[in-house]
Amino acid sequence: MQNGSSPHDPSMESIDAMLMRVAEGDRAAFELIYHRTSAKLFGVCLRVLPVRQEAEEVLQEIYLTVWRRAGSFDPARGGAMTWLITLARNRAVDRLRSGGRRVSAPIELADAIPDPAPDAEAHVIAADDTGRLAHCLGRLDAGDAGLIRTAFFEGASYAELAERCARPLGTIKSRIRRALLSLRTCLA
Amino acid sequence: MSAEDDLDLLAAELALGLLEAGEAAAAQARLAQDPELAAAHARWTGWAAGLAADLETPPPARVWSTIAARLPANDDGTLRRQLRLWQGTAIAASLAAVVLGVGWWSRPQPAPVVQVAAAAPPIVAVLRGGAGVVSVSYDPQSRRLATVVAGIVTGPRVAELWVIPADGRPRSLGVLSQGHPGWRSAPARAAVVMGAGMTLAVSLEPQGGSPTGLPTGPVILTGKLAQAT
């Protein structure tokens, strides 16, 4: 178990620096960024898009966008990894939803289902946001943590979540909002 | 629930994708004007990215080969570096112009070559880069320019269109109007250099357009003019 990560992890800082070099058209920096981050971003694509071929296509588009748009990365608004993951998630969700495709798999809300985070506890001691998030999600009602993950990775709005859980919209909305506020308290 | 909670919840809902498209667009628009919301959104975006903590699958090697093959061959970053340089030197340049009492942009331009023999075909460009796209068509005879702007995000700034001829000096084609397609006459000093192969770029500028006559903000889109026929 690794407990050496700090909020100023040097490897993260260098991805920030690399991304800024990419903004100036540095192809070597672009290739380095790809090798450092593509497993993470492909993981995101696969989580959103179950069809592997589609996930690969979207990953290509994501990195071509990184090449063109690196200049819009603003380190004042967050780290490069966050920028990359957000871009990947948005692109993958756009593809998932393209052409009006709907996701309708029912969501089981039974509280007995454990939070699907495989090793939430393993992250407890990590000092960075990532580890804290896993820890704080683990403290939520498992159904709520699942709803938050589904919203993020499937682009599911309140209305869609309510439909897929077969619960009234108001119930789902207030349930998730309560969960978000307790997440914030835990994370802050 | 306090107003602070409401703002934080809105930021969280936007970052996590819980809002319907219309609500999300409204919240997105508010980000540019509400620093508190923007800060909360940045915080939640960081936390949301943490949801990917356990995801890690190396992609097959063919993905990189395809990406490398699709990088535009003519984009080695030179243009971007040049634009950055212009931005850096724009202030110096305009100060120098004040001192000298003249700017390079006010020097007499060579008279435009008027083509009377054959009707010059229109030239067109599609500008891409960040979000959105701008398409431009230019009629060399009337020196009129038509632009269609779709999906670009300018925040509190405006989008300004530039032509960058072989001498590397950007010349403004004016501020783009977002709402509707526009016809306009190209400014004379830009019109003389409009031709196939020239680069067009869109930069973000303060309201009213660049105060220096050169791009001062980030370049969000670029493209090359080509013969339409």
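Do we find that residue A:162 is out of contact with any Asp or Glu (no Cβ under 7 Å at 6 or more places or on another chain) and not in a helix (DSSP H, G or I) in this structure? Here the answer is no, as residue A:162 does not meet what is asked. Scanning the stretch A:116-124 finds one or more residues that are away from every other protein chain (no Cβ under 11 Å) and at pLDDT below 85.
Scanning the stretch A:157-166 for residues that are within 11 Å of chain B (Cβ to nearest Cβ) and in contact (Cβ under 8 Å) with a residue 12 or more places away in the chain yields A:158, A:160, A:161.
Sub-7 Å Cβ pairs linking a first residue in the stretch A:18-32 that is within 15 Å of residue B:72 (Cβ to Cβ) to a second residue that is acidic (Asp, Glu) and surrounded by fewer than 19 Cβ atoms within 10 Å (Cβ to Cβ), at least 6 apart or interchain, are A:25/B:75; A:25/B:76, ordered by first then second residue. Counting only strands (runs of 3 or more DSSP E) wholly contained in the stretch B:172-229, the ones carrying 3 or more residues that are surrounded by fewer than 21 Cβ atoms within 10 Å (Cβ to Cβ) occupy B:182-185. Residue count for the stretch A:147-161 satisfying the condition of being surrounded by 22 or more Cβ atoms within 10 Å (Cβ to Cβ) and small (Gly, Ala, Ser): 2.
Let's see how each residue does on (1) at pLDDT 90 or above; (2) under 20 Å from residue A:154 (Cβ atoms):
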{"site": "B:20", "(1), (2)": "no, yes"}
{"site": "B:36", "(1), (2)": "yes, no"}
{"site": "B:43", "(1), (2)": "yes, no"}
{"site": "B:48", "(1), (2)": "yes, yes"}
{"site": "B:68", "(1), (2)": "no, no"}
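Whether any residue in the stretch B:24-42 is under 30 Å from residue A:35 (Cα atoms), out of contact with any Asp or Glu (no Cβ under 6 Å at 6 or more places or on another chain) and facing chain A (nearest Cβ under 10 Å) is what I want to check. For the stretch B:24-42, residues under 30 Å from residue A:35 (Cα atoms), out of contact with any Asp or Glu (no Cβ under 6 Å at 6 or more places or on another chain) and facing chain A (nearest Cβ under 10 Å): present. Comparison of A:133, A:169 shows that the only residue that is in contact with a helix residue (DSSP H, G or I) (Cβ under 6 Å, 6 or more places away or on another chain), within 12 Å of chain B (Cβ to nearest Cβ) and over 24 Å from residue A:94 (Cα atoms) is A:133. Within the stretch B:8-26, track down each residue that is assigned to a helix (DSSP H, G or I) and either more than 23 Å from residue A:145 (Cβ to Cβ) or without any contact (Cβ under 8 Å) to a residue 24 or more places away in the chain (or both). B:9, B:13, B:21, B:22, B:23, B:24, B:25, B:26, listed by residue number.
The values are calculated or read from the model by the stated rules, or taken from the named source; none is laboratory data. Please read these numbers as outputs of a predicted model, since none were measured by experiment. Neighbour counts are summed over all protein chains in view; Cβ atoms, including those assigned to glycine, are modelled from backbone coordinates with ideal geometry.
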